[in-house]
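The values are calculated or read from the model by the stated rules, or taken from the named source; none is laboratory data. Note that this is a predicted model, so its numbers are computed, not measured. Here Cβ is always computed from backbone atoms with ideal geometry, including for glycine, and neighbour counts include all displayed protein chains.
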Amino acid sequence: MAAERVKFTFPPDLVNTPVIYNMGKEFGVVTNIRRANLSHDRGWVILEVVGTPEAVEKSLAWAKEQGVRIEPASAESEAARAPRSAAKRGDQV
């Protein structure tokens, strides 16, 4: 099995389209949303895609053809965007 972590950025016309669901169903990959920020007209998702190497590659190519911008996402970049917890900031909890 292959696993890839990517960042999907959705243009306004795709925000309400089930791209991730359709990708999983059509290519037999398992998707795991690690982080996301969506609004009514734009959005991004940090996504893990797991499957055979061929299925992962084909599914990402398909998503790109649909109009999704795809970039590599590393664990470090995901952690850098994560909000600090109140305990780490020193706030009272």
How about the stretch 49-93: which helices (runs of 4 or more DSSP H) wholly inside it have at least 2 residues that are at pLDDT 95 or above? 53-66
Would you please name the residue that is farthest from the chain's Cα centre (by Cα), looking only at residues in the stretch 18-33 that are surrounded by 14 or more Cβ atoms within 10 Å (Cβ to Cβ) and not in a helix (DSSP H, G or I)? Val29
Looking at the structure I just gave you, is Ile70 β-branched (Val, Ile, Thr) and in contact with a helix residue (DSSP H, G or I) (Cβ under 6 Å, 6 or more places away or on another chain)? yes
Which residues, counting only those in the stretch 20-48, are more than 20 Å from Ala2 (Cβ to Cβ), touching a helix residue (DSSP H, G or I) at 6+ places or on another chain (Cβ under 7 Å) and either aliphatic (A, V, I, L, M) or at pLDDT 95 or above (or both)? Arg35
